[in-house]
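Contents: one structure, followed by commentary.
The values are calculated or read from the model by the stated rules, or taken from the named source; none is laboratory data. Predicted model only: the values in this text are computed from it and were never measured. Methodologically, a virtual Cβ is constructed for each residue, glycine included, from the backbone with ideal geometry; neighbour enumeration extends over all protein chains shown.
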Amino acid sequence: MRAAELEAVFAEFGGYEAQARAGELLLGLGFPVEQHQQPMQEISPGWKLRVLLAQALFSRPDVLLLDEPTNNLDINTIRWLENILNQYDSTMIVISHDRHFLNSVCTHMADLDYGTLQVVPGNYDDYMLAAAQARERAAAANARAKEKIGELQDFVRRFAANKSKARQATSRQKQIEKLKSGAIALKPSSRQNPFIRFEQKKKLHRLAVEMEHVTKSYDNLKVIRDFSVMVEAGDKIGIIGANGVGKTTLLKMLAQVLEPSHGLVKWAENADCGYMAQDVSPEFEKNMNLTEWVERFAQEGDDDQAIRGTLGRLLFGSDDITKQVSVCSGGEKNRLVYGRLMLGRHNVLLLDEPTNHLDMESIESLQYALEKFEGTVFVVSHDREFISGVATRIFEVSETGITDYRGTYDEYLDSLGLNA
Ligand SMILES: Nc1ncnc2c1ncn2[C@@H]1O[C@H](COP(=O)(O)OP(=O)(O)OP(=O)(O)O)[C@@H](O)[C@H]1O
Ligand SMILES: [Mg+2]
């Protein structure tokens, strides 16, 4: 009897479909069926994140809280997640810096600024538009009020001493005060954009790098197969592809921190590469404060002022610069790495997922800096807006090889018939 009751409860809660649903979710997240019974310990860190995501989605909760769910996920998985979330009726609160994701998933934006949370209907683009329009309206209203105040003040000045007009003058004075108190405060946002600019000491001409029949294997795993390419100075290459396909491996060989198993990577004689790894934390396992950390990358002619200026542009104030680097947040560490790269004045930048951990303002600044940069760029990213803005050429890494497309990301998607 008891067992029968329990069985009914079990069925009611979807116990019989549980395994199938878990399997479906795992498949959607890219786990092949053979891996579904694998112990968690054997899964690489990027993929553990996906299991956690599946866990959160599995119970079909009434409220779903997601903190930066798209970090480290590749574009196809982000697209899958967007679709899944759009099918859920749950209330969701999502923290994200992925503009494309916010636009496709969210119905409301909550903007936290000056400690006040403001919730407005619409997706991210709607929100940006509405915020800009609200500022314009407020500025116009303030301008009208200012003009009116000027006219009233004129009147008061002329007639204040005139007894017969004294009452009118007093009433106008009151109007002035009312207008002044009604002025809409136009505080600039507390969020700030760091100022990032990459200059180059020496300009490269023509060919920047040539890869000849490059192959890379780890033990039995062949990651890059016989890849040959020529890259001109000034090319900005967006490297895209699924998790674990070999993007970091390719970039490490370009940065010469990893040797190809076969083949050659030949840089131009004057090439000077600045490299940012996917995980920057090993650079910060040091007993140093921010100033000491950055100082080491100063070039001839960079005095203390230049160092402080660099830190200031990256939004580190006088309170921060004596802080130990080991306690910095993910975003702060990334900003320090941009400081290193700015001071280095390299003519080639090799960046592995540089927008992970960054807030929207920093992503915008970095995107702008890379658009303006006159040198050569190789950047790995899963951020569609970012890649669209920066890249002039795309390498798509896949299990079958590397596709080299000369054009922007949007043109690449068009060429595949994928651009909606
Ligand atoms: N040192 C290593 N020893 C053995 N295998 C490795 C090593 N480094 C990477 N791999 C494997 O090589 C493959 C490619 O890894 P890589 O880090 O280049 O991928 P990725 O495209 O950068 O992935 P992600 O998008 O997750 O950053 C993966 O299967 C990875 O597990
Ligand atoms: Mg990688």
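General remarks:
- Close pairs from region 303-327: first touching a residue at least 60 places away in the same chain (Cβ under 8 Å), partner surrounded by fewer than 18 Cβ atoms within 10 Å (Cβ to Cβ), Cβ under 6 Å, at least 6 apart: Arg313/Phe195; Leu315/Gln192
- Among the helices (runs of 4 or more DSSP H) confined to region 14-115, the ones with at least 1 residues that are under 24 Å from Asp359 (Cα atoms) and not assigned by TED's automatic domain parsing to the domain that holds Gly246 are located at 45-58, 75-87, 99-105.
- Every residue from region 390-417 that is assigned to a helix (DSSP H, G or I) and surrounded by fewer than 19 Cβ atoms within 10 Å (Cβ to Cβ): Asp410, Glu411, Leu413, Asp414, Ser415
- Tally, over region 263-277, of residues that are aliphatic (A, V, I, L, M), more than 15 Å from Ile224 (Cβ to Cβ) and either part of a strand (DSSP E or B) or more than 22 Å from the chain's Cα centre (by Cα) (or both): 3
- Screening the candidates Glu374, Glu364 for the property of being assigned by TED's automatic domain parsing to the domain that holds Leu311 and assigned to a loop (DSSP other than H, G, I, E, B) yields one hit, Glu374.
- The set of residues in region 208-262 being surrounded by 15 or more Cβ atoms within 10 Å (Cβ to Cβ), more than 9 Å from ligand 1 (Cβ to nearest atom) and part of a loop (DSSP other than H, G, I, E, B) consists of Ala233, Gly234, Asp235, Ala255, Pro260.
- Of all the listed residues (Ser415, Ser388, Ser362), the sole one being small (Gly, Ala, Ser) and either touching a residue at least 60 places away in the same chain (Cβ under 8 Å) or within 16 Å of ligand 2 (Cβ to nearest atom) (or both) is Ser362.
- The requirement of being within 17 Å of Leu366 (Cα to Cα) and among the acidic types (Asp, Glu) is fulfilled somewhere in region 322-336, by at least one residue.
- When every residue of region 367-384 is checked against the conditions, at least one turns out to be polar (S, T, N, Q) and either within 16 Å of ligand 1 (Cβ to nearest atom) or at positive phi (or both).
- Residue within region 310-317 that is among the hydroxyl-bearing types (Ser, Thr, Tyr) and assigned to a loop (DSSP other than H, G, I, E, B) present: no
- In summary, Glu283 fulfils each of the numbered conditions (1) over 21 Å from the mean Cα position of the chain (by Cα); (2) in contact (Cβ under 8 Å) with a residue 40 or more places away in the chain with the single exception of condition (1).
- Scanning region 238-258 for residues that are touching a residue at least 60 places away in the same chain (Cβ under 8 Å) and either more than 15 Å from ligand 2 (Cβ to nearest atom) or touching a helix residue (DSSP H, G or I) at 6+ places or on another chain (Cβ under 9 Å) (or both) gives Gly238, Ile239, Ile240, Gly241, Ala242, Asn243, Gly244.
- Any hit, region 278-290, residues being at pLDDT below 95, assigned to a loop (DSSP other than H, G, I, E, B) and under 25 Å from Ser398 (Cβ atoms): yes
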